[in-house]
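Here is the structure we will look at.
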Amino acid sequence: MSLNPEVRRGGNLPFGMVASVWVCDPRYSTNARTLYCILVTYADTQARNTAMGRPYRRELARQLGVSLATLDRTLDEMEVAGMVTVEERLDPRFPKHHDANIYHLHDAGVMWQGTTAWVDPLPPGVKAADVAKARLAERRKAKREAGIQRTGGVPKGVSTKAKNRARTAEGGSTGAATPGSVGAATLAAPTLLNVYNPLQNPSRDAFRTPEGQVTGGFARAGTRAGSTPQAESAPGGEAANRQMKSPKHRTTRTTAPRPVPGEQDAYDLLDSLGLWERGRAPKMIRDRVRDLLKTGRALPHIQARVNAGWLRAQGPERTRLPEGDPYRIKRPVAYLATVLEMGHDCRRPDCERGTLLTTGQECNACNFARAEREADRAAARIAADTDALEAAAQRPTPQQPPTDPGVPEQRTATWRCAVSTCARPGTGPVPDVPLCHDCLESVQQAVQAVRR
């Protein structure tokens, strides 16, 4: 099964809650604060359907409104600021797919210090973007010192306009009137002929017999049959021949990919939405359809996703909203591609969002996985409460001051509930288990549920 990106935060924080300390801190750029809010909407969504798909880098960049390069720089800035840790994973099915990351948010220690407190790694008054930029410069410097050349782009400090002007002045451009070049003796010289590739540039006059019959073959460009070839000692002849060497042509794959069963039926279904010309589905849609069909899904799965994510979400109406409306879908094709990606990871091929398409009943595998996740969360809560009880048991009991028999006894709080989120005061002697009545009842119910 293919890996999907995830966002994890910990701390049992409610869905959608953000840390105002980070959002209002001017040391973080606007992109970093906005991306943090976007990642929060994806956090810990394994147990519920958020109808937002998966946090792929391409989708995060689209929601942030930036390019992939800017998204990577923003994530680097957030890592420097201690807001998030990006765990990169390789997809076992697609090793070259570097998009199945896990984003660990560290805002639980900012909101409440139930486990560990968050430590700010930035010095006071220093912006996270400046630190990230300096770290990137150090990494590039280390690569240069190690002899690793940067691939792509133009080297730093090199002007492409200056290089083009120098190349033109030296006569290396196409059609320049350099001595010895073919057809360059006119004021407005034509494009130089490719003298080393007769298949691309055959002569207009093929070899002919004295009777005028064509014998076939190709003549060198700029020459006729029977004429003497240009001497290589002529001015510019050898240099012109070296400059006019034919480039190496790459072979392009022209055969269509092997069709997948049910692919054409899926295209007919999607063509009926009217987002493109019938029979000309965009490559983005074709890739999503082929990926779904290759993983064992079929046409009913695609139809269910279109009904839930496009028709029920009022996709046709939202595409016709006026410009500037926040609910308007600006890129319907990209939105539909995201809808096709949204699904539920289940090992049963006939399951779609927890419902069996064959019978219409609930999927037992999904229910079992949901029960396992709930049991794990309950066990984690019980373990945390047990640790709190052990810590409270080791805490020394405060000594009671001697009471005056002439003064009436006042019932003051002598102990508090050991659960950190409760801490309700209690009176009287300290019980063996320092828990209030409500917390003790909830712990007993959780233990009975796990034993069942």
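Quick notes
- When GLU145, GLU170 are screened for being farther than 30 Å from ARG27 by Cβ, at pLDDT below 70 and among the charged types (D, E, K, R), only GLU170 passes.
- Residue match in region 80-96 (condition: farther than 30 Å from ALA383 by Cβ, over 20 Å from the mean Cα position of the chain (by Cα) and among the basic types (Lys, Arg)): no
- If the condition is being hydrophobic (A, V, I, L, M, F, W, C) and free of Cβ contacts under 8 Å to residues at least 60 places away in the same chain, then region 269-305 contributes LEU269, TRP276, ALA281, MET284, ILE285, VAL289, LEU292, LEU293, ALA298, LEU299, ILE302, ALA304.
- Cross-chain or 6+ apart pairs with Cβ under 7 Å, region 427-452 first and assigned to a loop (DSSP other than H, G, I, E, B), then surrounded by 12 or more Cβ atoms within 10 Å (Cβ to Cβ) and among the polar types (S, T, N, Q): GLY428/THR414; VAL430/THR414
- Looking only at region 282-311, residues that are modelled with pLDDT under 85 and assigned to a loop (DSSP other than H, G, I, E, B) come to 4 in all.
- Applying a threshold of 9 Å to beta carbon distances and a minimum spacing of six or more residues, or different chains, the list of pairs starting in region 103-129 at a residue that is modelled with pLDDT of 85 or more and ending at one that is of a type in the set (Lys, Arg) and assigned to a helix (DSSP H, G or I) reads ALA129/ARG73.
- The condition of being in contact (Cβ under 8 Å) with a residue 24 or more places away in the chain, within 30 Å of LEU440 (Cβ to Cβ) and not assigned by TED's automatic domain parsing to the domain that holds ARG62 holds for only one of ALA308, ALA337, ALA379, that being ALA379.
- Candidates are the residues of region 312-355 that are of a type in the set (Asp, Glu) and in a loop (DSSP other than H, G, I, E, B); the one that is modelled with the lowest pLDDT is ASP345.
- Extreme residue, nearest to ALA371 (Cα to Cα), among residues of region 83-93 that are at pLDDT 85 or above and of a type outside the set (S, T, N, Q): GLU87
- Selection within region 268-315 - over 20 Å from LYS330 (Cβ atoms) and among the small types (Gly, Ala, Ser): SER272, GLY279, GLY296, ALA298, ALA304, ALA308
The values are calculated or read from the model by the stated rules, or taken from the named source; none is laboratory data. From a predicted model like this one, the values you see are computed outputs, not experimental measurements. Positions of Cβ are backbone-derived with ideal geometry, glycine not excepted, and every protein chain shown enters the neighbour counts.
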